[in-house]
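The values are calculated or read from the model by the stated rules, or taken from the named source; none is laboratory data. The shown structure was predicted, so the numbers you read here are calculated from the model rather than taken from an experiment. Using ideal geometry, Cβ is built from the backbone for each residue, glycine included, and neighbour counts are taken over all protein chains shown. Keep in mind that these areas ignore ligands, DNA and RNA; they rest on the heavy atoms of the full protein, side chains included. Shrake-Rupley method; radii C 1.70, N 1.55, O 1.52, S 1.80 Å.
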Amino acid sequence: MCGIVGYVGHKKAAPILIHGLKRLEYRGYDSAGMVTIDKNGANRFRVVGRVQNLDHAISDIDLKMTCGIAHTRWATHGKPTETNAHPHTDNEGRYYLVHNGIIENHAKLRSQLESEGVEFVSETDTEALVHLISKFHDQSLETAVEKALRHVEGTFGIAVTCIDEPSKIVCGRRGSPIVLGVGMNEMFVASDVSALIQYTDQVIYLEDNEMAVVTPDEYQIRTLDNKPIARETLQIEWTMEDEDLGSFPHYMLKEIFEQPTTVDNAMRGRVVLGEGCSKLGGLQSKIDQIKRLKKIVIVSCGTSYHAGMVGRYIFEQLTDTAVEVELASEFRYRKLRLDETTGVLAISQSGETADTLAAIREARRKGALTIGLVNVVGSTIARETDVGVYCHAGPEIGVASTKIFVSQLVILNLIALLIGRYQSVSLSEGVDLLKAMMELPSQIQQILSRAAQIEDLARRFTKVQSFLFIGRQLHYPVALEGALKLKEISYIHAEGYAAGEMKHGPISLIDADFPTIAIATKDATYEKMISNIQEIRARSGPIIAVATEGDIGIRESADMVMYIPETHDLLQPILSVIPLQLFAYYCALYRGCEIDKPRNLAKSVTVE
Ligand code: G6P
C-alpha cells in the first residue's frame with residue numbers, strides 16, 4: 001500500500017528518490033518523506049499530501065548525498081501528519097527506517113522501549129522498529145537490523161540506513177514486497193519495480209524472511225537467521241513507455257483505451273483454433289492433475305473477485321469441474337477441507353494482495369494445487385503458486401482496475417476451455433468460442449469509438465446521489481463491477497445487485513432521483529431483465545440500459561441506451577463492462593475527482 005524507494009550509488013540520490021516515489025504514488029499517497037545521508041549526517045524531509053509537495057519542499061536545496069531512502073504512505077497507524085510520515089528515526093538521529101506493512105506487537109515494544117527511556121514522537125507502529133534497531137546498535141547496520149527483526153511480529157518490507165555507514169542500505173521482507181534493482185556502480189531498492197524501470201531492467205525479488213545488504217557495487221542476500229542466499233537477477237519486461245500517459249489525461253482512461261491490445265496480449269500464442277483449444281504453457285506441467293480436479297475454488301479481492309465471479313459461470317459452462325468463488329479475506333479463515341483434488345485459483349493484478357496471498361498459502365498447506373492468474377511478473381503470488389498464467393497486460397497504474405479485469409476474463413475463458421476440451425466441450429464449441437474471442441479487440445474498439453456519447457450521458461448524472469446497477473448471470477458480477485468503478489472514483493454511492501433480487505429490497509429505493517443501470521443484452525435472461533426494467537419504470541426510476549446493438553425495442557423500456565456489439569454469451573461481460581468503466585470515468589471527471597488516486601484507496605493492498 002505504501003511505497004518504498006532507496007538508492008545508493010554515485011549520483012545524487014534525491015532526484016532518483018523523488019522520481020521513484022512519483023512512480024509509486026498510486027500505491028498510497030497521504031504523506032511522503034525521504035532522507036539522504038553521508039558521512040556528515042542526514043537530511044530528512046517529510047510532508048503531508050502528495051509527492052509533489054515533497055518535491056517542492058526540496059526544490060531549492062542542492063542535496064548532494066548519494067545514498068537515501070524514501071516513502072509514500074497510506075496510513076494504517078496514526079493520521080497522515082508530518083510526524084507520522086516516514087522515514088522514522090531513533091532518538092539520536094543515526095538510523096532511518098521506511099516501512100510497509102504492520103508491526104503487530106508495536107504497543108508491547110513501545111512500552112518496553114519507553115520504560116528503557118526511549119522517547120516516541122509518532123503514533124506509528126513503525127517507530128518502535130527504528131528504536132529497536134538503535135537499541136541493538138552493533139558493528140554493522142545489518143546485524144542491528146537482524147537482531148531487531150527477531151523481536152518483531154507482523155509484516156514488513158523495510159529499508160534502513162545509518163549515518164555511520166553512509167553507503168549502505170539494508171532491507172528486509174516478511175509479507176510486504178521488496179525488490180532490488182542492479183545498476184552500474186549503483187543499486188536501487190523499491191517495493192515495486194515501477195520505481196526502478198527507468199534505471200535498470202535487472203532486478204532481484206526478496207522472498208519472505210530474507211534481508212539484503214546493498215552497497216553501490218554489490219548486494220548480499222541472506223535469511224533473517226543469517227544463512228547466505230545466492231540469487232541471480234531477473235530481467236523485467238516492462239518499459240518506461242508502458243507507464244507513459246501519452247496524450248491521455250489520466251491513466252484510467254489510457255488503460256480503458258488500451259483494452260483492445262490487452263485482449264490481444266492475453267490471447268497471443270495461446271489460441272489453437274484448429275483444435276478448438278487453448279495452449280497455456282504455465283499450466284502444462286500439472287495439466288494431468290488440473291483436468292482431473294474435482295473442484296476449483298477461485299479466490300481474489302476487489303475487481304479481481306468480480307472477475308472470479310464471472311469465472312464461475314464460465315467454468316460451469318465449459319467444464320465438468322465443480323467451481324466455487326470466494327473472497328480471499330473470507331476463504332483464508334474458513335475451516336477448509338482441501339486436498340490434491342482441489343485447485344485453488346488465485347486471481348490478482350498485483351500478485352501481492354495480502355489476503356489472496358494468505359489464501360493460497362493456506363490452500364498449499366492443506367495440499368491443494370495452487371494456480372495463479374496474475375499480471376505482475378515475478379510477484380509473490382506468481383512465485384508461490386504451483387502453476388499459473390500471466391495477463392501480460394503491462395502495468396496498470398489507475399487505482400480503479402479496468403484493463404486487467406478484461407484480461408482476466410479472457411484468460412479465465414482460455415483456462416476453462418483448456419480443461420473443458422479434455423471433458424465435454426466439443427471441437428466446434430471450442431472453435432466458436434475462440435473465433436468470437438478473436439473478434440473482441442475490434443468490438444471493444446467500436447465501443448470506445450462511442451466514448452463521447454457515454455461522456456454526454458455521464459455529464460447528466462453528476463449530481464445524482466446514488467445509483468443502482470443490475471444484471472443477471474454473467475452480468476451480475478458486471479453490475480457489481482460497474483457499481484464498484486463508480487463509487488471508487490466518483491464517490492457516488494452505487495450498489496450492484498442481481499436483478500432477480502430487486503423485489504427483495506432495492507426496489508424500495510427507486511424513485512425519479514434514483515437511476516438504475518441495467519445490463520440487458522440479448523441472451524437467455526433478456527426477457528426477465530426487461531420485466532425488471534419495467535418494474536423500475538413503473539416507479540419513475542430513470543433507466544440506462546446496456547443493450548445489444550440492433551435492439552431498437554429496448555428504447556421503449558429504457559430512457560437511455562449504451563449499445564455493445566453481439567458476441568458469444570461467455571464473452572459478453574468483456575464488452576458490457578466497458579461502457580460502465582467509461583461512465584464511471586466521466587462521472588468522476590465532471591465531479592472534479594482525483595481519478596487515478598481516489599481518496600483512501602491504494603492500488604495494491606499489501607496489509608490485511
Ligand atoms: C485494490 C485495488 C483494486 C484491486 C484489488 C485487488 O483494492 O484498488 O483495483 O482489484 O485491490 O487487487 P489485486 O492486485 O489482487 O487484483
Only helices counted: for the chain, with every DSSP H run of 4 or more residues adding -39500 (n - 2.57) and the sum spread over all residues, [θ] at 222 nm is -10500 deg cm²/dmol
Which length gain, in nm to one decimal place, applies between LEU245 and LYS522 when the Cα-Cα distance is subtracted from 0.36 nm times their residue separation? 96.1 nm
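How do 541-548, 330-337, 380-387 rank on mean C-beta neighbours within 10 Å, highest first? Numbers along the way, then the final one.
Details: 541-548: 23.4, 330-337: 13.2, 380-387: 21.5.
Descending packing order for the listed peptides: 541-548, 380-387, 330-337.
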Inter-label distance, nm, simple model (7 Å from Cα along the C-beta direction), GLN112/TYR422: 5.0
Å² of accessible area per residue within the stretch 375-433, as computed with a 1.4 Å probe and no ligands counted: 22
Any residue on another chain or 5+ positions along whose placed amide H is under 5 Å from the amide H of MET65 is listed here as ALA13
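For the chain, return all DSSP H helices satisfying: extent of Cα atoms along own axis at least 20 Å; mean Kyte-Doolittle hydropathy at least 0.5. Please report the intermediate quantities before stating the final value.
Working: long enough: 302-318 (24 Å, -0.06); 403-422 (30 Å, 1.60); 427-449 (34 Å, 0.37); 475-490 (22 Å, 0.10); 572-590 (28 Å, 1.18).
Helices passing the filter in the chain: 403-422, 572-590.
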Of all the Cα-Cα pairs you can form in the stretch 11-108, what percent are over 23 Å apart? 22
Would any residue of the stretch 117-132 have its amide N under 19 Å from a label point 7 Å out along Cα→Cβ of ARG150? List them or say none. 129-132
Hey, what's the stretch 218-361 come to in accessible area per residue, 1.4 Å probe, Å²? 46
Provide the per residue accessible area, probe 1.4 Å, for the stretch 451-590, rounded to a whole number of square angstrom. 37
Can you tell me which of 202-211, 224-233 comes out highest on packing, and rank the rest after it, using the mean Cβ neighbours within 10 Å? 202-211, 224-233
Efficiency by 1/(1 + (r/R0)^6): what FRET value for GLU119 and SER466, r their Cβ-Cβ distance, R0 = 45 Å, to the nearest 0.05? 0.40
Amide H partners (placed H, <5 Å) of GLY496, local residues excluded: PHE469
Give the peptides 95-106, 344-355 in descending order of average Cβ contacts within 10 Å, highest first. 344-355, 95-106
Can you tell me the convex hull volume per residue for the stretch 3-236, based on C-alpha atoms, in Å³ to the nearest whole number? 105
Taking placed amide H atoms and a strict 5 Å upper bound, the residues 5 or more places from CYS391 or on another chain that come that close are VAL374, ASN375
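Using a Förster distance of 35 Å, how high is the FRET efficiency between ALA512 and LEU327, based on the Cβ-Cβ distance and rounded to 0.05?
Numbers: r = 35 Å, r/R0 = 1.00.
Using R0 = 35 Å, I get an efficiency of 0.50.
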So if each residue of separation counts as 0.36 nm, and I subtract the Cα-Cα distance between THR81 and LYS279, what length gain in nm does that give? 66.2 nm
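Based on the Kirkwood radius over alpha-carbon pairs, what value in µm²/s does the Stokes-Einstein equation return for the translational diffusion coefficient of the chain at 4 °C and 1.567 mPa s? Mind dumping the intermediate values first?
Working: Rh = 25.3 Å.
My calculation gives 51 µm²/s for D.
Before anything else, pin down the relative contact order of the chain: Cα pairs under 8 Å, at least 6 apart, normalised by residue count, whole percent. Don't skip to the answer; put the middle values down first.
On the way: 1417 pairs, mean separation 71.5, N = 608.
Relative CO of the chain lands at 12 percent.
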May I ask you to list the lysines whose Cα is less than 26 Å away from that of LYS11, ignoring any residue fewer than eight positions away on the same chain? LYS22, LYS39, LYS64, LYS168
Taking just the C-alpha trace of the stretch 27-70, give me its Rg and Dmax in Å. 10.9, 33
Short version: ³J(HN,Hα) in whole Hz for each residue of the stretch 462-473, in order, from phi by Karplus 6.51 cos²θ - 1.76 cosθ + 1.60 (θ = phi - 60°), x for Gly and Pro, what are they? 5, 9, 5, 8, 9, 9, 10, 10, 10, x, 10, 6
Under the definition of Cα pairs under 8 Å and six or more residues apart, what whole-number percent is the relative contact order of the stretch 172-305? 15
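Cα convex hull of the stretch 248-446: mean projected area in nm², to one decimal? Display every interim value, and only then the final one.
Details: hull surface 41.2 nm².
Projected area, direction-averaged: 10.3 nm².
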Using the Kirkwood radius over Cα pairs, work out the Stokes-Einstein diffusion coefficient for the stretch 1-45 at 10 °C and 1.306 mPa s, in µm²/s as a whole number. 140
Short version: ³J(HN,Hα) in whole Hz for each residue of the stretch 383-392, in order, from phi by Karplus 6.51 cos²θ - 1.76 cosθ + 1.60 (θ = phi - 60°), x for Gly and Pro, what are they? 6, 8, 7, 5, 9, x, 10, 8, 6, 6
Listed residue pairs exceeding 31 Å between alpha carbons, taken from LYS435/LYS487; LYS403/LYS435; LYS335/LYS503; LYS286/LYS485; LYS79/LYS603; LYS12/LYS597: LYS435/LYS487; LYS335/LYS503; LYS286/LYS485
Looking only at the stretch 373-407, which residues have a backbone nitrogen under 18 Å from a spot 7 Å from the Cα of GLU232 in the C-beta direction? 378-379, 383
Pop out the carbon and sulfur fraction of the accessible area of the stretch 248-446 as a percent, whole number, probe 1.4 Å. 47
Find the eigenvalues of the gyration tensor of the Cα atoms of the stretch 451-590, then list the square roots of 5 times those eigenvalues as equivalent ellipsoid semi-axes, largest first, in whole angstrom. 19, 18, 14
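For every other residue with a beta carbon closer than 14 angstrom to the beta carbon of GLU104, add +1 if it is Lys or Arg and -1 if Asp or Glu, then tell me the sum.
Around GLU104, the charge tally is 0.
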